[in-house]
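Novice: Starting off with a structure, shown below.
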Amino acid sequence: MRRLLWHIIAGTKGGYNRARIIKNLEERPYNAHQLAELLDLDYKTVRHHIKVLEKNKLIVSSGDSYANMYFLSEQLNKNLDSFNEIWEKIEK
């Protein structure tokens, strides 16, 4: 999991925004529109990052396709210490 997190967060161009999504989902669930507003990002950008995070089983969704709410996956919840270590190193 640690290697995956390094790759998804620190090893790719959009990793910083993916990390910001994860940090916010630690606090509470959000839908894509709410995340876009909260992070001041384009909705399509947020949707792209959500797809990457879901594909890698870091977040999960609940609800219908338009109003899906996103949550951290159990796998990520178990590895939040690793994520937070990476976050501290990349946070701008």
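Novice: Kindly indicate whether residue 43 is touching a helix residue (DSSP H, G or I) at 6+ places or on another chain (Cβ under 7 Å), free of Cβ contacts under 8 Å to residues at least 24 places away in the same chain and farther than 22 Å from residue 91 by Cβ.
Specialist: Judged against the criteria, residue 43 is a match.
Novice: So residue 72 passes all but one of these: (1) in contact with a Leu (Cβ under 9 Å, 6 or more places away or on another chain); (2) without any contact (Cβ under 8 Å) to a residue 40 or more places away in the chain. Which condition number does it fail?
Specialist: For residue 72, the exception is condition (2).
Novice: Any idea which of 37, 88 is more than 14 Å from the chain's Cα centre (by Cα), surrounded by fewer than 19 Cβ atoms within 10 Å (Cβ to Cβ) and at pLDDT below 95?
Specialist: 88
Novice: Take the residues in segment 79-90 that are of a type outside the set (Ser, Thr, Tyr) and touching a residue at least 40 places away in the same chain (Cβ under 8 Å); name whichever of them is farthest from residue 30 (Cα to Cα).
Specialist: Going residue by residue through segment 79-90, those that are of a type outside the set (Ser, Thr, Tyr) are 79-81, 83-90.
When the remaining residues are screened for being touching a residue at least 40 places away in the same chain (Cβ under 8 Å), the result is 79-80, 83, 86-87, 89-90.
Values: 79: 20, 80: 18, 83: 19, 86: 22, 87: 20, 89: 25, 90: 23 Å.
The selected residue is 89.
Novice: Next question, about the same structure. Please work out if residue 16 is at negative phi and in contact with a helix residue (DSSP H, G or I) (Cβ under 8 Å, 6 or more places away or on another chain).
Specialist: yes
Novice: Does residue 61 meet the test of being touching a strand residue (DSSP E or B) at 6+ places or on another chain (Cβ under 7 Å), surrounded by 15 or more Cβ atoms within 10 Å (Cβ to Cβ) and not basic (Lys, Arg)?
Specialist: Details: touching a strand residue (DSSP E or B) at 6+ places or on another chain (Cβ under 7 Å): yes; surrounded by 15 or more Cβ atoms within 10 Å (Cβ to Cβ): yes; not basic (Lys, Arg): yes.
It is true that residue 61 is touching a strand residue (DSSP E or B) at 6+ places or on another chain (Cβ under 7 Å), surrounded by 15 or more Cβ atoms within 10 Å (Cβ to Cβ) and not basic (Lys, Arg).
Novice: From 25, 53, which residue is under 18 Å from residue 88 (Cβ atoms), in contact (Cβ under 8 Å) with a residue 40 or more places away in the chain and either surrounded by fewer than 12 Cβ atoms within 10 Å (Cβ to Cβ) or among the hydrophobic types (A, V, I, L, M, F, W, C) (or both)? Spell out the reasoning first.
Specialist: On the way: 53 fails: under 18 Å from residue 88 (Cβ atoms).
So the residue among 25, 53 that is under 18 Å from residue 88 (Cβ atoms), in contact (Cβ under 8 Å) with a residue 40 or more places away in the chain and either surrounded by fewer than 12 Cβ atoms within 10 Å (Cβ to Cβ) or among the hydrophobic types (A, V, I, L, M, F, W, C) (or both) is 25.
The values are calculated or read from the model by the stated rules, or taken from the named source; none is laboratory data. Computed from a prediction, not measured in an experiment: that's the story for all the values here. Every residue, glycine as well, gets a Cβ built from its backbone with ideal geometry; the counts of neighbours run over all protein chains shown.
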